[in-house]
Amino acid sequence: MIHPVGDQPMTSDSSPKRVPRRGIYLLPNLLTTGALFTGFYSIVAAIDGNFLGAAWAIYIAMFLDGLDGRVARMTSTESDFGKEFDSLADMVSFGLAPAIVTYQWGVERFSEYGALWGRLGWLAAFLYTVAAAFRLARFNTSLGIDDKRYFQGLPSPPAASGIAAMVWISIAYEIHGLFALVCGIAITALTGLAMMSNFRYLSFKDFNLGSRVRFTNLLLIPLVLITIALNPPLVLFTLFFVYATSAPVHWLWRHRGRTARRGAREQRP
């Protein structure tokens with residue numbers, strides 16, 4: 001049924017039913033395009049051997065990706081097109097770009113240790129890419145179902161930040177050789193597996209930026225920024241490592257507690 005302009009379908013309780021908005025809004029989609037561009041630039045920079053620029057581009061893409069959704073909600077310009085566009089941009093910036101960056105970073109090392117390491121390198125990169133695609137597809141099809149306080153599997157932006165920080169650390173500390181190659185392949189593959197896992201990661205979506213907080217709590221913001229500024233690659237990788245391992249550690253802790261309680265019940269007379 002076609003409703004006249006300005007009219008809205010009425011439900012049984014005579015309250016207007018909100019019609020989903022259609023169309024393309026400039027500001028949030030411009031930010032998404034910026035995130036897509038930086039992801040594309042990260043790929044080009046990695047192919048050119050500019051790995052530091054490639055890592056920086058991934059972090060800029062993360063900032064723009066976090067901004068476009070908030071801007072859309074604040075300006076009431078959310079749309080189905082924007083959600084799909086954002087997901088496709090995420091696949092490029094956080095799925096394809098980190099995989100190519102880490103593979104290109106290791107290409108010059110593969111030839112030194114034989115063809116086997118080259119195969120392991122591109123297999124790890126492909127595992128990361130398909131894991132990111134799997135993770136995004138699962139997220140898109142579970143909207144409105146899962147607990148908003150948690151993500152199922154490691155989100156792709158933090159995963160990409162870990163890959164970028166790993167490459168950045170190798171450049172800053174001049175880490176080369178077989179050790180760097182093994183660590184790069186292992187971190188890339190394990191990050192991909194974490195994205196495909198069923199571990200529950202905190203989403204921080206219940207954190208309200210508009211809520212009132214104590215003045216002393218605001219000191220945490222400059223403290224975190226100062227800490228990152230002291231040693232950006234090491235601090236950023238540490239943050240990634242803590243977040244990526246938080247869900248498995250929490251699962252193991254709960255599993256150990258359940259096992260201990262079960263054993264205590266079995267020992268009771």
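With respect to residue 133, determine if the residue is modelled with pLDDT of 95 or more, out of contact with any Lys or Arg (no Cβ under 8 Å at 6 or more places or on another chain), farther than 21 Å from residue 50 by Cα and outside any loop (DSSP other than H, G, I, E, B).
It is true that residue 133 is modelled with pLDDT of 95 or more, out of contact with any Lys or Arg (no Cβ under 8 Å at 6 or more places or on another chain), farther than 21 Å from residue 50 by Cα and outside any loop (DSSP other than H, G, I, E, B).
Within region 154-172, is there a residue that is modelled with pLDDT under 85 and over 18 Å from residue 130 (Cβ atoms)?
No, because not a single residue in region 154-172 is modelled with pLDDT under 85 and over 18 Å from residue 130 (Cβ atoms).
Output the number of residues of region 120-132 satisfying the condition of being aliphatic (A, V, I, L, M) and surrounded by fewer than 17 Cβ atoms within 10 Å (Cβ to Cβ).
The number of residues fulfilling the criteria is 2.
How many of the residues making up region 176-202 are aromatic (Phe, Trp, Tyr) and farther than 19 Å from residue 109 by Cβ?
The number of residues fulfilling the criteria is 2.
If you go through region 134-186, how many residues are in contact with a Leu (Cβ under 7 Å, 6 or more places away or on another chain) and touching a residue at least 60 places away in the same chain (Cβ under 8 Å)?
7
Quick one: in region 107-119, which of the residues that are more than 21 Å from residue 49 (Cβ to Cβ) and within 30 Å of the chain's Cα centre (by Cα) is surrounded by the most Cβ atoms within 10 Å (Cβ to Cβ)?
The qualifying residue surrounded by the most Cβ atoms within 10 Å (Cβ to Cβ) is 119.
Go through (1) at negative phi; (2) at pLDDT below 90 one by one and return the number of the condition residue 189 breaks.
For residue 189, the exception is condition (2).
Could you grab me the full set of residues in region 77-101 that are within 15 Å of residue 134 (Cα to Cα) and either among the aliphatic types (A, V, I, L, M) or not in a helix (DSSP H, G or I) (or both)?
88, 89, 91, 92, 96, 99
Can you name every residue in region 100-135 that is polar (S, T, N, Q) and over 15 Å from residue 180 (Cα atoms)?
Of everything in region 100-135, just one residue is polar (S, T, N, Q) and over 15 Å from residue 180 (Cα atoms), namely 129.
Being modelled with pLDDT of 70 or more, surrounded by 10 or more Cβ atoms within 10 Å (Cβ to Cβ), in a helix (DSSP H, G or I) and out of contact with any Leu (no Cβ under 7 Å at 6 or more places or on another chain) is the filter here; which residues of region 192-221 pass it?
Within region 192-221, 193, 196, 219, 220 meet the criteria.
Please work out if residue 151 is over 27 Å from residue 233 (Cβ atoms) and within 21 Å of the chain's Cα centre (by Cα).
Here the answer is no, as residue 151 does not meet what is asked.
The values are calculated or read from the model by the stated rules, or taken from the named source; none is laboratory data. The model shown is predicted, which means the values in this text are computed figures rather than measured ones. Glycine also receives a Cβ, built like all others from the backbone with ideal geometry; neighbour counts cover every protein chain displayed.
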